[in-house]
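A short write-up of the structure that comes next.
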Amino acid sequence: MQKLDSKIPDGPLADKWKNYKAGLRLVSPANKKKIEIIVVGTGLAGSAAASSLGELGYKVKVFCFQDSPRRAHSVAAQGGINAAKNYRNDNDSVYRLFHDMIKGGDYRAREANVYRAAEVSNDVIDHFTALGVPFARDYGGTLDTRSFGGVQVSRTFYAKGQTGQQCLLGTYSSLNRQIAKGTVKMYPRRDMLDIVIIDGKTRGIITRNLLTGEIERHSAHAVVLATGGYGTVFYLSTLGLGSNASAAWSAFKKGAFFANPSFIQIHPTSIPVLNDYQCKLTLMSESLRNDGRVWVPKQKGDKRHPVEIPEDERDYYLERRYPAFGNLVPRDVASRAAKERCDAGYGVGDTGLSVYLDFKDAIAKQGEDKIRDKYGNLFEMYEKITGINPYRQPMRIYPAGHYTMGGLWVDYNLMTTIPGLFAIGESNFSDHGANRLGASSLMQCCGDGYFILPNTISDYLADDIRTGKIPEEDKEFEKAEKNVSDRIKRIMSVKGKQTASSFHKRLGKIMWDHCGMRRDAEGLKKGMELLKELEKEFWSDICIPGSDRELNQELEKALKVADFFEVGRLMCEDALQREESCGAHFREEHQTETGEAKRDDSKFAFVGAWEFQGQDARPKLHREELEFKYVELKERSYK
Amino acid sequence: MDFKLKIWRQKNAQAKGSFRTYPVSDVSPEMSFLEMIDYLNKQIIESGGEPITFEQDCREGICGSCGLYINGRPHGPMRRTTTCELHMREFSDGETIVIEPWRSKAFPVIKDLVVDRSSFERVMHAGGFISVDTGSAAEANSLPVSKHNSDKAFDAAACIGCGACVAACKNSSAVLFAAAKIAQYALIPQGKAEAKERVDRMVKQMDTEGFGYCSNTYGCEFDCPKGISVDFIALMNREFFSSKLCKQIPGKYTRKV
Ligand SMILES: Cc1cc2nc3c(=O)[nH]c(=O)nc-3n(C[C@H](O)[C@H](O)[C@H](O)COP(=O)(O)OP(=O)(O)OC[C@H]3O[C@@H](n4cnc5c(N)ncnc54)[C@H](O)[C@@H]3O)c2cc1C
Ligand code: SF4
Ligand code: FES
C-alpha cells in the first residue's frame with residue numbers, strides 16, 4: 001500500500017514555501033529544451049502553466065476539447081479574483097486570507113497549501129495587470145475591489161461581471177505568445193481518454209481527435225492535468241456542457257487517488273430551472289449579494305407579484321438568521337437556507353423552487369446607473385434568459401451545482417500519487433476544503449499555474465535530463481491505445497434506443513436527489529443502487545448514430561456519461577463514509593439544534609483519498625490526517 | 001409553437017452540403033434556440049437519423065463557441081445576443097427558420113453547422129499579447145491607468161471571438177475582431193511598447209488568412225453580440241498608419257517577438 005505523504009515542509013507557516021522553493025532543484029536552460037511536458041486543459045490553470053513552462057524553455061504540448069483554448073470554462077467566471085493586497089487599508093493580509101479560506105472550507109483543507117495560495121495571490125494580480133487585463137479601476141487610476149461572501153474585507157478584484165473572461169484572455173494571450181515562439185504546441189479539439197505509465201512514471205496520454213476520430217499517442221516526460229471541475233455530474237449545473245470528469249477519472253483508474261469526491265459546492269444564486277429541456281443553469285454572480293437582498297414572503301404560498309408584497313410581509317431570512325454576515329454568508333450556508341425556506345413551502349415562482357434577490361433598496365440608495373455600472377452584464381443576461389427586467393422587479397434564484405472542491409489528490413508539489421502526473425486548478429482537491437469561498441478559485445488556478453507548478457515540476461524533471469525522448473511506440477502506449485479503442489468499440493456497438501443526454505439527465509437527478517445539498521445514509525445507499533441500475537441500462541440501450549471515425553458529438557457525450565456513473569458512485573461512497581456535516585457536505589444525521597452543519601473533528605479531520613481497486617471492486621479509502629497548528633478549530637459561525 | 005426549420009446539412013468538409021427541412025412542433029416559448037435544436041436532435045436520433053452537429057459550450061453567451069446564421073443574420077434576429085442566449089419567444093408561431101453555418105473563405109465548414117475558426121487563432125498568435133514573462137511584473141498599483149481608458153479597454157476586450165462580425169460582413173473582413181484586441185492594448189500604457197509591431201503583424205496575418213478588406217458598412221458592429229464598437233476600427237487604422245510611418249526609420253521597430 002502506498003503511504004500518503006503530503007510532503008508538507010517543516011518550519012513556520014509563513015516561511016514554508018519560501019524555504020522549500022529555495023531548496024528545489026532546477027533544470028538548466030540547455031536541458032529544458034530536451035524535456036517535453038504535456039498540459040491538458042487551457043483554463044486559467046492550464047494556460048497559465050503552459051505559458052510559464054514555455055517561457056522557461058520547456059517543450060510544451062497543450063490540449064483542450066474546444067476549438068480554441070480561449071473557450072475553457074474559466075471564461076464564464078463572473079464575480080472576481082481575490083488577493084491579499086490590502087489596498088483598502090481594511091487590515092487585510094496574507095494571514096487573513098489564509099484564515100478566511102481555512103474557516104470558509106470548514107477546516108478540511110491543508111494549512112500549508114492554503115497559506116501558499118494566499119501568499120502568491122498578490123503576484124497574480126501584478127502579473128495580470130502587466131498583461132493588460134482590464135480590471136475595474138477607481139478615478140485615481142488605481143485598482144478597485146469589492147467584497148465577496150464569507151469575508152469582512154474588500155479584496156476581490158474584478159472586471160464587471162466578466163472577471164473570468166478577462167483573466168482567461170490574459171492567460172490566453174501569454175499562451176499565444178509562446179505558441180508564436182514555438183515553445184508551446186497547441187492541440188485543440190482533443191479529448192484526453194487515458195494516461196500512459198511507463199516504469200512507474202507518467203509518460204504520456206491517449207487522445208481522440210474530435211474532428212477525425214483518430215486515437216492518438218502523445219508522449220512527454222511529465223503530464224499536468226488542468227481539466228477543471230466535474231459539477232456536470234448533476235446534469236444541470238453552472239458548468240459548460242463539455243465539462244467532464246473523464247480526464248481525472250482515467251488517472252484514477254490508473255492509480256491516482258481521488259480526494260473528497262463528495263465535496264461539491266451548490267451555488268446559492270443561479271437562475272432557476274425554467275423548462276424541461278434545459279441542460280444548463282446560468283449563474284448569477286455571488287457579487288450580487290453585495291447589493292441584493294434575499295427574501296421570501298412571510299406567508300406560505302403567497303402568490304402576489306413580488307413588488308406588491310409590502311416590506312413587513314417579507315422575510316429577509318439570511319439577515320434574520322445571520323445578522324453578522326447577512327446576505328454575505330458563505331455559499332453552503334446560503335444554499336441550505338434557500339432550500340430550507342422552499343422545502344417549508346415559502347418558495348416562489350410556479351414550482352415554488354426559488355427565492356427573490358432584490359435590488360430595490362440598492363437602486364434607491366445608489367441609483368440605477370451605479371448598479372448598472374457594477375452588474376450591467378449580469379442584469380442583461382438575466383433579462384435575456386427570463387424575459388424579466390431585474391431593475392424593475394426582483395430576480396428569482398435557486399441553488400445549482402457549481403464547483404468541485406474534491407478532485408485528484410496532490411501533495412505539496414501538486415503531484416498526484418502517480419509520479420510525473422500533476423493536477424492543478426479545479427481538477428485537484430487541495431485548497432478549498434469542504435466549501436470554497438467566492439473568488440478564490442481563479443486565484444488558486446492562476447497561483448498553481450503561474451507560480452507554483454513551474455517550480456515544483458522542475459524539481460521532479462531534474463531527474464529526467466538524460467532520459468531522452470519518450471518513444472510513442474512503447475508497449476504501454478500500445479496497451480493504453482487499445483484500451484481506449486476497445487471501449488469506444490464497445491459503446492458504439494450497443495446500438496440501443498436512448499440518447500446520451502437522456503441518460504445524463506436521469507443520472508443527474510439521482511445525484512441531485514441523493515447526493516446533493518442534503519444527504520443521509522439511506523438516500524446515499526439508494527442513490528448507489530439507482531446508479532448501478534441506470535448504468536446497466538446505459539450499456540444495453542445507449543444509442544450513438546454515425547461512426548467513431550468522424551466528428552461525432554453523441555459519442556463524445558456518451559463517453560463522458562459512462563464515466564459519470566462511476567464518479568457518482570464514488571461520490572456517494574465518500575459522502576456515506578463521512579459521518580459528519582462539514583461545509584457543502586451536509587448529513588441530515590449530523591446537525592445542530594438550529595439546523596447548522598455539525599462537524600466531528602475528533603473523527604473526520606482528514607482528507608478522504610480513494611484508491612481504485614478494479615472495475616467492480618470497492619475503492620479503498622486512505623486518510624490523510626489534517627493538522628491544524630495555526631488556526632483553532634471552531635464551530636463556523638456567521639451569526 | 002410549431003416551426004419549419006431549413007437546416008444546412010453537410011457530412012464533412014469535402015462533401016457538398018444542402019438544406020433539409022425539419023418540422024418541429026410543441027416548442028415552448030421559454031426554450032432557448034439551442035434547446036430547441038436539442039429537442040429536434042433527440043427526435044432525429046430516436047428515429048434513427050444523424051443529429052445536427054453544432055458548436056456550443058457555456059450556453060450563456062461568453063465562450064464564443066456557438067454561432068449560427070439564422071434567417072440571414074449571425075446569431076439571429078436579436079441584437080447583442082448570442083445564439084445560445086436567443087429564445088424561441090422571439091419567433092412567431094408557424095415561422096420558417098433558416099439555419100446555416102458562418103459563411104466565409106477563412107472559416108471553412110467542417111460538418112453541418114460547425115466551421116473551422118482557427119484563422120482567428122493565428123491572427124492572435126501574430127500579436128494578440130503583451131510580451132511580459134511570468135515573474136517580471138511590477139506592483140499592480142505602481143502604474144495608474146485612467147479609469148476612462150481602462151473602461152474602454154474593457155469594452156474592447158469583451159470580444160468573445162465568435163466570428164459573427166466576419167459572417168455579417170459582405171467582404172468577410174475580420175477587422176472588428178482584430179481591432180478589438182489592438183485597441184484594448186493601445187488604450188493602456190502596458191500595451192504601448194509593442195503597439196506598432198502588433199498592429200502590423202495582426203493586419204498582415206488577416207490578409208494571409210483570406211479575410212477581406214473593410215469597406216465601412218458596419219454590418220459587423222450591428223451583428224456583434226457583444227456590441228464591440230466600430231470606433232475601435234478607426235483606432236486600429238490610426239495605429240496602423242502610424243506604424244507604417246514609423247517603419248520608414250530602418251531597424252527602429254524591428255524587434256523580435
Ligand atoms: C459560472 C461560473 C462562475 C464562476 N465564478 C467564479 C468567480 O467569480 N471567482 C472564482 O474565483 N471562481 C469562479 N468560478 C470557478 C472558476 O471559474 C473555476 O473553478 C476555474 O475557472 C476552473 O479553472 P480550471 O483552469 O481549473 O479549469 P477550466 O477553466 O474548466 O478548464 C478546463 C480545461 O480542460 C480541458 N479539458 C477538460 N476535460 C478534458 C479532456 N477530457 N480532454 C481534453 N481537455 C479537457 C477543457 O478543454 C478546458 O480547456 C466560477 C465557475 C463557474 C462555473
Ligand atoms: S468582434 Fe463581436 S462578432 Fe466579432 S468575434 Fe468579437 S464578439 Fe464576435
Ligand atoms: S455556447 Fe458559449 S457563447 Fe454560446
Part-to-part distance (alpha-carbon centres) for region B:106-124 and region A:592-620, which is given in Å = 46 Å
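Out of the total accessible area of the protein assembly as shown (probe 1.4 Å, heavy atoms of protein only), what percent is carbon and sulfur?
Numbers: 15790 of 31690 Å².
Whole-percent figure for carbon plus sulfur exposure: 50.
Determine the relative contact order of region B:118-245: mean sequence separation of Cα pairs under 8 Å and six or more apart, normalised by residue count, in whole percent.
Working: 152 pairs, mean separation 44.1, N = 128.
Reported relative contact order: 34 percent.
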If each of A:Asn275 and B:Tyr213 carries a label point 7 Å out from its Cα toward its Cβ, how far apart are those two points in nm?
-> 4.6 nm
Please work out whether region A:268-401 counts as rounded, prolate or oblate from its C-alpha gyration tensor, where a ≥ b ≥ c are the square roots of the eigenvalues and a/c under 1.5 means rounded, while otherwise a/b larger than b/c means prolate and anything else oblate?
-> rounded
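Quick check of the Kirkwood formula: for region B:141-198, what is the inverse mean of 1/r over all pairs of different Cα atoms, in Å? Don't skip to the end; give the middle numbers.
Numbers: mean 1/r = 0.0804 Å⁻¹.
Over region B:141-198, the inverse of the mean reciprocal pair distance is 12.4 Å.
Give the whole-number value, in cubic angstrom per residue, of the convex hull volume spanned by the C-alpha atoms of region B:3-111.
Working: hull volume 11.8 nm³, N = 109.
In region B:3-111, the Cα hull volume divided by residue count equals 108 Å³.
Work out which GluC sites (Glu not before Pro) in chain B are exposed loop sites (DSSP not H, G, I, E or B, at most 15 other Cβ within 10 Å) and give the longest gap free of them. Don't skip to the end; give the middle numbers.
Working: sites that count: B:Glu95, B:Glu139.
Maximal segment without exposed cleavage sites: B:140-257.
Based on Cα coordinates alone, diagonalise the gyration tensor for region B:102-257, multiply each eigenvalue by 5, take square roots, and list the semi-axes in whole Å, largest first. Please report the intermediate quantities before stating the final value.
Details: eigenvalues 145, 66, 48 Å².
Each semi-axis is the square root of five times an eigenvalue, giving 27, 18, 16 Å.
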C-alpha center-to-center spacing [region A:489-514, region A:374-428] in angstrom = 24 Å
Using the per-residue mean of other Cβ atoms lying within 10 Å as a proxy for protection, in what order, highest first, do the peptides A:582-590, A:484-492, A:448-456 fall?
-> A:448-456, A:582-590, A:484-492
What nm value, rounded to one decimal, do you get for the distance between B:Arg89 and B:Lys244 when each label is placed 7 Å out toward the C-beta?
-> 5.0 nm
Placing each pseudo-label 7 Å from Cα in the direction of the beta carbon, A:Asp548 and B:Ala193 end up separated by a distance in nanometres of 5.0 nm
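Between A:Asp541 and A:His305, take the C-beta separation as r, use R0 = 41 Å, and let me know the FRET efficiency to the nearest 0.05.
On the way: r = 46 Å, r/R0 = 1.11.
Using R0 = 41 Å, I get an efficiency of 0.35.
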Hey, could you pull the Cα Rg and Dmax for the protein assembly as shown, both in Å?
-> 26.0, 79
Cα centroids of region B:132-147 and region A:73-148: how far apart, whole angstrom?
-> 16 Å
Neighbour-limited loop hits for chymotrypsin sites (Phe, Trp or Tyr not before Pro), region A:136-209 (at most 12 other Cβ within 10 Å; DSSP other than H, G, I, E, B) = A:Tyr139
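Sorted by average packing, counted as other Cβ atoms within 10 angstrom per residue and highest first, what order do A:569-579, A:273-283 take? Kindly include the intermediate steps, with their values, before the conclusion.
Numbers: A:569-579: 21.8, A:273-283: 19.8.
Ranking, from highest mean packing down: A:569-579, A:273-283.
Using a Förster radius of 25 Å, what is the FRET efficiency between A:Ile198 and A:Ser485 based on their Cβ-Cβ separation? Nearest 0.05, please. Please list the in-between numbers first.
Numbers: r = 19 Å, r/R0 = 0.77.
Efficiency at R0 = 25 Å is approximately 0.85.
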Please work out, to two decimal places, the log10 of the ratio I(q)/I(0) at q = 0.32 Å⁻¹ from a Debye calculation in which every Cα of region A:208-252 carries one identical scatterer.
-> -1.11
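Roughly how crowded by other chains is peptide A:61-71, in terms of the mean Cβ count from those chains within 10 Å of each of its Cβ atoms? Don't jump to the answer; show the numbers that get you there.
Details: counts 0, 0, 0, 0, 1, 6, 13, 9, 2, 10, 11.
Taking the mean over all residues of the peptide, I get 5.
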Can you give me the relative contact order of chain A as a percent, contacts being Cα pairs under 8 Å and 6 or more apart?
-> 20 percent
Spread of Cα-to-Cα distances over 5 Å intervals beginning at zero, given as percent, for region A:475-602 = 2, 11, 18, 16, 13, 12, 10, 8, 6, 4, 1, 0
Between B:Ser142 and B:Ser25, what length in nm is gained on full extension when 0.36 nm per residue of separation is reduced by their alpha carbon distance?
-> 36.1 nm
Asked for the total accessible area buried by B and A (1.4 Å probe, Å², nearest 100), one would answer 6100 Å²
³J(HN,Hα), Karplus 6.51/-1.76/1.60, whole Hz, each residue of region A:164-177, x for Gly, Pro = x, 4, 5, 5, 5, 5, x, 5, 4, 5, 5, 5, 4, 4
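Pop the C-beta distance of A:Tyr139 and A:Glu529 into the FRET formula with R0 = 60 Å and round what comes out to the nearest 0.05. The partial results should precede the final answer.
Values: r = 61 Å, r/R0 = 1.01.
Here the calculated transfer efficiency is 0.50.
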How high is the relative contact order of region B:71-193, in percent, counting Cα pairs under 8 Å that sit 6 or more residues apart?
-> 23 percent
Ordered by number, the residues of region A:124-142 with at least 20 Å² less accessible area in the assembly than alone (1.4 Å probe) are A:Asp126, A:His127, A:Thr129, A:Ala130, A:Leu131, A:Gly132, A:Pro134, A:Arg137, A:Tyr139, A:Gly141, A:Thr142
Compactness relative to 2.2 N^0.38 Å, alpha carbon Rg of region A:596-639 = 1.62
Accessible area drop of at least 30 Å² (1.4 Å probe, protein heavy atoms): which residues of region A:512-551 qualify, relative to the chain alone?
-> A:Pro545, A:Glu550, A:Leu551
Cα-Cα separations in region A:568-630 greater than 14 Å, expressed as whole percent | 62 percent
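For n ≥ 4 DSSP H runs only, could you compute -39500 (n - 2.57) per run for the protein assembly as shown, divide by its residues and tell me the 222 nm figure to the nearest 500?
Numbers: 27 runs with 314 residues, N = 896.
Rounded to the nearest 500, the figure is -11000 deg cm²/dmol.
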Along each of its three principal axes, how wide is the spread of alpha-carbon positions in region B:63-111, in whole angstrom units, largest first?
-> 34, 24, 17
Partner shielding of A:430-438, taken as the mean number of other chain Cβ atoms within 10 Å, equals 0
What ³J(HN,Hα) values, in whole Hz, does the Karplus curve 6.51 cos²θ - 1.76 cosθ + 1.60 give for region A:480-485 when θ = phi - 60°, with x put for Gly and Pro?
-> 5, 4, 5, 3, 5, 4
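The values are calculated or read from the model by the stated rules, or taken from the named source; none is laboratory data. All values derive from a computational prediction rather than experimental measurement. Because the Cβ atoms are built from the backbone with ideal geometry, glycine has one as well, and the counts that use them run over all protein chains shown. Side chains are part of the model used for accessible areas, which takes the heavy atoms of the whole protein and leaves out ligands, DNA and RNA. Shrake-Rupley method; radii C 1.70, N 1.55, O 1.52, S 1.80 Å.
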